[in-house]
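All remarks here apply to the structure that follows.
The values are calculated or read from the model by the stated rules, or taken from the named source; none is laboratory data. Here the structure is a predicted model, which is why all the values come from computation and not from measurement. All Cβ positions, even for glycine, are placed from backbone atoms using ideal geometry, and neighbour counts span all protein chains on display. In case anyone asks, the SASA skips ligands and DNA or RNA and just uses the protein heavy atoms, side chains included. Shrake-Rupley method; radii C 1.70, N 1.55, O 1.52, S 1.80 Å.
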Amino acid sequence: MSKLIPPIRGMNDILPDVTPRLQHLENVSRAILVAYGYREIRVPVVERTELFSRSIGEVTDIVEKEMYTFEDRNGDSLTLRPEATAGMVRAGLSNGLLYNQVQRLWTSGPMFRYERPQKGRYRQFFQIDAEAYGLPGPDIDAEMIVMLSRIWKHLRIRQVELQINSLGTPEARAHYREKLREFLRAHQQQLDEDSLRRLDSNPLRVLDSKEPATARLVADAPSILDHLDDDSRRHFELLRGMLDKVGVKYTVNPRLVRGLDYYSRTVFEWVTTRLGSQDAVCSGGRYDRLVAQLGGKSTPAIGFAMGVERLAALMQEEDTPVPDASPHAYLVRVGDLAQIAGLQLAELLHDALPDLRLILDCSGGGFANQLKRADKSGARVALVLGEDEAGSRRVGFKPLRNDTEQVNLAWDEVIERLTPWLE
Ligand code: ATP
Ligand code: MG
């Protein structure tokens, strides 16, 4: 035997016992996005490296140490996308979707970051991502947040908390950054090594440090909300008023800064206490300068990304209902005549009942063996075809999950009998 080829660390195979939960999450999200006017676009998983360094920011964790960057055969530097927003803006600009237009767009797919793999943190992970362009007012921020609340409600996810903050304009933030840096310098001895390094390059990132001593220190740091420009303060007040009116609960967290440079004004994050330290399940914010920064005409924008694996893990923790994917029926067939008759009966049933999940036994053996497999498959009903039934176009109908007796039915009657089991 030749040697097995191992999978790549941090990149998961998602197996059939998990996919029904992911599909449910995706189906519910897609339906609600469509209901709010978002249209799907699909963009490449590879982009020029420059796209990410120019948008996410040179001194962010993602660009400094998490990107999968390589040279293609042409010598161009390419990167596996670590997030979707930059590619969405690039695609919008490349295809003329953003110029003087309002667009609500969504996409989904794998993202790649070279992080230390652990529960809820992978090197390939999936996001569902939505972006709205051309709308400067806080009402689109509110609508996006309300829409996400609706998605959690439909999925029956309860144990999430919404945190919001405003980062103001880049100018106001630069002013705040200096104030924060002064404060942190004055308490340098209490900072961990990472935070010390960020003191110069990106002091805002110190605010969401997970080191206990640093976290205690920044609780007393100056608040960004005291340094907002007037327009941003008004924008944030309006947003809060709207969320209050529609009954969406939130906490204002002035230390929520997000790890990407392109945000301005509104930022938000849904966090949970059920998943350990990987606690963010959906994050987003406004990025009014990014489109211009990437060469387009100045265009306000806001977007979010849902962490699919973390949301699925939360659904499992909360034991939320997921549509059943087990087969409704299992078709047992014994004898030469029953082989072809079984195939015909299965086709007749698939024609009549498009939602039917039917397993045709193709493993052979006697009735006892096939019925054992039927039971193991999780099917609710076994359809039993022997030589006699095959010859007379009849079939045994045997409920597997209760004590009801097996009955002998004509093929046409099976359709009617199965219908109530499909719900
Ligand atoms: P974290 O603080 O947990 O590293 P982040 O701020 O880097 O998250 P974003 O870039 O905002 O995350 O990505 C949006 C969402 O994608 C996150 O809220 C999270 O649910 C998910 N996510 C981010 N990185 C990973 C990862 N390595 N593995 C799995 N999910 C992830
Ligand atoms: Mg991260």
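Quick notes
- Net length gained if the chain between Glu40 and Asp403 were fully extended (0.36 nm per residue, minus Cα distance): 125.9 nm
- For the range 98-186, the direction-averaged projected area of the alpha-carbon convex hull comes to 9.7 nm².
- Dipole moment magnitude, nearest 20 debye, the range 45-182 about Cα centre, only Lys, Arg, Asp, Glu C-beta charged: 600
- Cα gyration tensor category, rounded, prolate or oblate, for the range 151-236 with a/c compared to 1.5: oblate
- Remark: for residue pairs Lys119/Lys179; Lys65/Lys119; Lys119/Lys297, the C-alpha separation exceeds 29 Å in Lys119/Lys179; Lys119/Lys297.
- Comparing Arg197, Arg258, Arg54 in a Gaussian network model of the chain, where Cα atoms under 10 Å apart are tied by springs, the biggest mean-square fluctuation is seen for Arg197.
- The ellipsoid equivalent to the alpha-carbon distribution of the range 163-318 has semi-axes of 24, 23, 16 angstrom, derived from the gyration tensor eigenvalues as √(5λ) and listed largest first.
- Ordered by solvent-accessible area of protein heavy atoms (1.4 Å probe), largest first, the residues Met67, Met1, Met144 come out as Met1, Met67, Met144.
- Across every direction, the projection of the convex hull enclosing the Cα atoms of the chain has a mean area of 27.8 nm².
- Computed over the range 15-85, the ratio Rg/Rh where both radii use C-alpha atoms and Rh is Kirkwood: 1.11
- Counting only protein heavy atoms and a probe of 1.4 Å, the accessible surface of the range 295-379 is 53% carbon and sulfur.
- Radius of gyration and maximum dimension Dmax of the range 1-128, Cα, Å: 17.0, 62
- Only helical runs count toward this figure. For the chain, summing -39,500 (n - 2.57) over DSSP H runs of n ≥ 4 and dividing by all residues gives -11000 deg cm²/dmol at 222 nm.
- Per residue, the chain exposes an accessible area of 50 Å² to a 1.4 Å probe, with every protein chain left in place.
- DSSP bridge orientation in the chain - percent antiparallel, rounded to nearest 5: 80
- Each principal axis of the range 316-400 carries a Cα extent, and these read 50, 28, 19 Å when sorted largest first.
- Cα-projected label distance for Asp13 with Ala215, points at 7 Å along beta-carbon direction, nm: 3.6
- Entry note: the range 258-341 has Rg to Rh equal to 1.39, where both radii use alpha-carbon atoms and Rh is the Kirkwood radius.
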